[in-house]
Every structure is written in C-alpha cells, then in structure tokens.
1. Just to check I understand the Karplus step: with θ = phi - 60° and J = 6.51 cos²θ - 1.76 cosθ + 1.60, what whole-Hz values come out for region 194-204, glycine and proline as x?
2. Taking the Cβ of residue 153 as the center, what net charge do the other residues with Cβ under 13 Å away carry, scoring Lys and Arg +1 and Asp and Glu -1?
3. Taking Cα centroids, how far is region 126-166 from region 51-96 in Å?
4. Sticking with the crude label model, points 7 Å out along Cα→Cβ, report the distance from residue 204 to residue 37 in nm, one decimal please.
5. Roughly to the nearest percent, how much of the accessible area of region 128-188 is carbon and sulfur, given a 1.4 Å probe?
6. Would you please put 43-54, 196-207, 131-142, 211-222 in order of how densely packed they are, using the mean number of other Cβ atoms within 10 angstrom per residue and starting with the highest?
7. Enumerate the amide H contacts of residue 79 below 5 Å, restricted to partners 5 or more residues apart or on another chain; note that Pro and chain-start residues carry no placed amide H.
8. Note down the net charge around residue 259, summing +1 for each Lys or Arg and -1 for each Asp or Glu among other residues with Cβ under 15 Å from its Cβ.
Amino acid sequence: MPIVVTVLALLLSGCLGAADPATEDASGSGATRCPSAYPIRLPITTDATVGVPPLYRLRACAVDARRGPVLLMNDGNAAWATVAPGHEFNLVQGDEPANWLRERVAVPPGMVLPGTAIVVQARPSEVSWRLSREWTVGWAGFEAGMHALAPRGRDTVARAMDPDAARGQALVSCALTAYHLYLTAQGDPLPVHDGFGALQLTWSAASTACAADWLRADRLLTAQGARATGWSLAVIRADSWVTKSKRALGWLAPAAPVVIGVR
C-alpha cells in the first residue's frame, strides 16, 4: 500500500528544487545531488523521441544500484505516474502547494507532482514512470491561479491555503477545470485538444467551474472588506503566465506516450 511519509520530507528539504543543468553530472552516476540516505545517482533513460520534458529536472537515486529502493525527485514542471506492479511506494511531499493540493484533490497515489518525490521499494529495473499530460495540465492550471493572486494583502496564495478559504476552492476548481478540459478534448479538432488550449480556455471569459468559483470567492472577499483579485484581473495575470510558460512546456503538444526508466 502507498504511504505518505513525512520523515523523508525533512531529509529531502533543500534537495527538492530546480536542478541546474550547468551542474548536472553528465554521466548520471555517483552521488551528485542525491541525499545521503539514497547516495547512488541512477541514469534516467527513455525511448521516446518527441514530447519529452527536460529529464535533468528529475533525479533518480538509490540505496543500492542493483537492489534499490529507488527515490525519484521531481524538480520539473511535469507530473509522472509511477509504474511498479506489485511493489510498495512511499510518497514524499516536498513543497507546500503540492501537499495542499493533494489534500483536496484525488490525485492518484503514485502520481509524482512537481515539487514532490517518491520512494519505490523495488529494483531499478522493476520501476518506471509514465508522463501524465493530464495531471501536468491540471498542475499548470493550479500554478496559473497562484500566479494570478496578489503578493500582499488578504487575497494571496498563503491566504488561499487557509482551511476552508473560498479562494482555495477556486484554485482547486481551476486545476480540475484544466485537467478535465484536456481529457475531454482529446481527438477534438479544436485547438483546445492540446495542453495549452486547455489552459487558455480555463483562464478565459468562458463559463467554467474555475470562473464560477473564482467569482464566488470575489464576492465573499469583497463582502468581508478585502480587496479581491477580481476574475478579469486574474484572467490577465494567469493568461500572461501561461503565455510565458509556452516555451518551458513546449513538449506538452505531442500526444505520444513517454515512459522513463532507471538503470
């Protein structure tokens, strides 16, 4: 059974963070950027040729290079589904937004969101990870919402993550709106069939759950005397973030499966 652990979260604090390609160990071996409890760096490989996120943003480490267990740390912007039939795994929450979203959304147990890590009790040859474009798009919808909020005041990301905050529900709705738009539009000839289309439609004038819950939070915050980040302003900010992210998320458009492994 999968278990969410917190002890390793302390161990990995400072390890989860954007990897610098300039300091990446080209051989993929040794102890480069691996925590002391999992000192062996494992090369990450894939047979996919298109739609592959930057793999230097992932770090695979092990206690033993042949026997495992294997630790995968996700410093990138893609979500990865763990494939390890018959083997236990332990999710490690690395940052607050990912932990907060998992507590409110039925993310599959083995899904490694950006900013999190997972330990798989298996040999390196027995585990792989499949790129999940739908959860990547959902996460990006959530990120766009966080970037839409003000840095100060009573309508910030920190305030949205308070228990039962209306704005927090809006962030969840926007993540799920992007996720479902991407899933339901697969094979549709409209531009929304790709990840960017789903994100742009989520953050547009369209009538979606994202828009409805954001507007509801606007009304509640205004009634409490707070200066809310209104929907029209949120759309501008979120859409700007999506546009700037196109280059970093350029691999989203191809629909070919991507599976990575370690050795």
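The values are calculated or read from the model by the stated rules, or taken from the named source; none is laboratory data. Please read all numbers here as calculations on a predicted model, not as lab measurements. Positions of Cβ are backbone-derived with ideal geometry, glycine not excepted, and every protein chain shown enters the neighbour counts. When the accessible area is computed, the model is the full protein with side chains, heavy atoms only, and any ligands, DNA or RNA have been set aside. Shrake-Rupley method; radii C 1.70, N 1.55, O 1.52, S 1.80 Å.
1. Values, residue by residue: 9, x, 5, x, 5, 5, 5, 6, 4, 9, 8 Hz.
2. Working: positive: 152, 154, 159, 167, 227; negative: 155.
Taking every other residue near residue 153 into account, the sum is +4.
3. 20 Å
4. 4.6 nm
5. Working: 1160 of 2350 Å².
The C+S portion of the solvent-accessible surface of region 128-188 is 50 percent.
6. Values: 43-54: 14.6, 196-207: 20.6, 131-142: 25.2, 211-222: 18.5.
The packing order, highest mean first, is 131-142, 196-207, 211-222, 43-54.
7. Here the answer is 132, 136, since their amide H atoms fall under 5 Å of that of residue 79.
8. It works out to a net charge of +1.
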